[in-house]
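Participant: Structure in structure tokens, see below.
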Amino acid sequence: MHGCLPELRETLARVELTDPTTTLVFLGDYVDRGSDSAGVVAAVKEVCDDHPGQVVALAGNHETWFINWLDDDDEDASWLLADLGFRTVRSFLPADVYERVAAELAEAIEGGSIDADLAGQVNAAIKREIVSRHGDLIAWLRRRPMFHETDTHLYVHAGVDEAAGRMWKSMTPTEMLNEKFPPTLGPNRIGKIIVAGHTGVGALHAKQGRLKCWDPYVDAGHVYLDGRVETTGVLNVMKYDAKTRETTFL
């Protein structure tokens, strides 16, 4: 979803959760790139709260990096400086607060050189503001699971150690669950269809078109759903009917 709130709301309007046997799985990457990361996190949390037991919101690598930034030493402003246009932090702060810290940050990097001490002070101030204003959202992000498993599918942000076969759960490093790259194609050895985000389907299936999500090994293959919404406006949704075993895309 990458901070793209209008696209998320439009997509959620097409997802029906009135049937209590329906489960909705979010594959992570709620923050960064788009203009309203805070709004996306709040919207996903709201869906989880409104449909307890029906909605699973997984952690993506961008949430992990965001939380790590909040937890790391204040002197390390590398994540903040990599936040292009400060879109992510801006979404978590009131306009007046953002304008103040943005001016301080501009002073810290004036003339193309970085005043590390001042940048660290501004970094610490921004983190304090975000945690104090959005403590509930931050706490919720910290509790996101890394994968969701059913009898037929494994949902994960990036991927697993498929060479480990059915031992993947004990053999896959945490980093691989939400940062695996390059993606694996073809049949897998874990015995379930792996459904992931992380890798944009445009690059993955350049010749077939950016909306091709499904690889041909239906019984034990892969589905990659990241439509790169921040540039395409497309949020891919896979629908699986457990009774008919039919897979469609919304």
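The values are calculated or read from the model by the stated rules, or taken from the named source; none is laboratory data. Since this is a predicted model, take the numbers as computed values, not measurements. Neighbour counts run over all protein chains shown; Cβ positions are idealised from the backbone, glycine included. Side chains included, ligands, DNA and RNA excluded: accessible areas come from the protein's heavy atoms. Shrake-Rupley method; radii C 1.70, N 1.55, O 1.52, S 1.80 Å.
Participant: Count charges around residue 179 for me, please; just the other residues with Cβ under 13 Å from its Cβ, Lys/Arg as +1, Asp/Glu as -1.
Facilitator: Result for the local shell: -3.
Participant: If you count only protein heavy atoms and use a 1.4 Å probe, how large is the accessible surface of residue 100, to the nearest 10 Å²?
Facilitator: Taking all protein chains as shown, residue 100 has close to 110 Å².
Participant: If each Cα of region 104-170 is one equal point scatterer, what is log10 of I(q)/I(0) from the Debye formula at q = 0.15, 0.25 Å⁻¹?
Facilitator: Debye intensities relative to I(0), on a log10 scale: -0.71, -1.05.
Participant: Based on the Cα gyration tensor of the chain, what are the three equivalent ellipsoid semi-axes, each the root of five times an eigenvalue, rounded to whole Å and given largest first? Before the final figure, lay out each step's value.
Facilitator: Working: eigenvalues 240, 77, 58 Å².
Taking √(5λ) for each eigenvalue gives 35, 20, 17 Å, largest first.
Participant: Follow-up question, since we're still on this one. To the nearest 10 square angstrom, how much accessible area does residue 168 have with a 1.4 angstrom probe?
Facilitator: 10 Å²
Participant: Over region 1-56, calculate the relative contact order: mean separation of alpha carbon pairs under 8 Å at least 6 apart, over the residue count, as a percent. Please report the intermediate quantities before stating the final value.
Facilitator: Working: 65 pairs, mean separation 26.2, N = 56.
Value for region 1-56: 47 percent.
Participant: With no solvent and one point on each alpha carbon, what is the Debye value of log10 I(q)/I(0) for region 15-112 at q = 0.22 Å⁻¹?
Facilitator: -1.17
Participant: Please report, in cubic angstrom per residue, the volume enclosed by the convex hull of the alpha-carbon atoms of region 57-174. Walk me through the intermediate numbers first.
Facilitator: Working: hull volume 15.3 nm³, N = 118.
Residue-normalised Cα hull volume stands at 130 Å³.
Participant: Given region 141-197 reduced to its alpha-carbon atoms as identical point scatterers, what log10 I(q)/I(0) does the Debye formula return at q = 0.14, 0.16, 0.22 Å⁻¹?
Facilitator: For region 141-197, the Cα-only Debye profile gives -0.33, -0.43, -0.83.
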